[in-house]
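Working notes, beginning with the structure itself.
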Amino acid sequence: MTTNSGDRPSASPTAPPVEDTVRPAPETSPWPRLVLAVAAGFLVGVLTSFGQGLLPEVLSPLANSSGSWSLAALLLASLSPRRGFAVAVGVLALFAMVGGYDVASLLRGFSPSPSGSLFWCTAAVVVGPFLGWGGHALRNGDRVAPLAAGAMSGVLVGEGVYGLTVIADTTPAPYWWGSITFGAALLVWAVVRRFPRPSSALLAAAVCAVVATAFLAVYSQNLISLFTWPS
């Protein structure tokens, strides 16, 4: 039996077509990161309290710094992929820092200050959402990133200027110069890595100057006295 050399076997009509599709990776739940951020915030509060008795003199302001807590909340919020969860982290992490600080103070034999705790919890509600949103914006480089970078840098610079001008007699100047330097470095990093356009860089620098000035003016007031009950 002979075959025609020109004949070719035909493709099976039942063969499934080959699809060149890429399935999206399954979205991970943001809840574990939220819990982790709150736990980390609690740990920051504990370390802050114990740091007041353990840090060397040149770093002692670190354990009494609103800038360090603000930066910690912003960094923890940047770990959340969703904006809403990042905003929640900004608030809850600060609450956890207050709780961790008070618990550690009790363990050290000190009574937490009700007025101080109330003040920082109020600050968590007022400032926390902006820190959370800012952390998310810096991570993703969206249009509000210049505002976030400028505000965070302004807090660090403003606190540094406050330390050098208002409490210079009782605190080490090198720490406050370090705060100013770190705030400026954060601004430069954000400009280079997140929004290199000149207009965005100028906006971030302007926000930094405004926030630093406002921080100095507000922080110079004894705001905690507003949360103290008359005896």
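What whole number of Å gives the distance from the Cα centroid of region 201-231 to the Cα centroid of region 127-187? First find each Cα centre; the distance between them is then 12 Å. Taking the chain as a Gaussian network, Cα atoms linked when under 10 Å apart, which of P129, P112, P198 shows the biggest mean-square fluctuation? So, out of P129, P112, P198, the one fluctuating most is P198. Checking every one of the trypsin sites (Lys or Arg not before Pro) in region 29-104 against DSSP loop status and a limit of 16 other Cβ atoms within 10 Å picks out R82. With N the number of residues in the chain, Rg(Cα) / (2.2 N^0.38 Å) evaluates to 1.49.
Where only DSSP H runs of four or more residues are counted, the chain gives -23000 deg cm²/dmol as its mean residue ellipticity at 222 nm, each run worth -39500 (n - 2.57).
With the largest listed first and rounded to whole Å, the semi-axes of the equivalent ellipsoid of region 77-210 from the Cα gyration tensor are 28, 22, 11. Here the Karplus curve 6.51 cos²θ - 1.76 cosθ + 1.60, taken at θ = phi - 60°, turns the phi angles of region 116-122 into couplings of x, 5, 5, 4, 6, 5, 5 Hz, with x standing for Gly and Pro.
Just the protein heavy atoms count here, and of the accessible area of region 49-192 at 1.4 Å, carbon and sulfur take up 72 percent. The convex hull around the C-alpha trace of region 134-215, projected and averaged over every direction, spans 4.9 square nanometres. In this structure region 31-74 gives 51 Å² per residue of accessible area when probed at 1.4 Å with all protein chains present. In a reduced charge model with +1 at each Lys and Arg Cβ and -1 at each Asp and Glu Cβ, region 81-176 shows a dipole moment near 380 debye about its Cα centre. The slack between S113 and E57, meaning 0.36 nm per residue of separation minus the straight C-alpha distance, is 17.8 nm.
The values are calculated or read from the model by the stated rules, or taken from the named source; none is laboratory data. If you're wondering where the values come from, they're calculated on a predicted model, not measured in any experiment. Note that each Cβ is placed from the backbone with ideal geometry, even for glycine, and that neighbours are counted across all protein chains shown. SASA here: full protein model, heavy atoms, side chains in, ligands and nucleic acids out. Shrake-Rupley method; radii C 1.70, N 1.55, O 1.52, S 1.80 Å.
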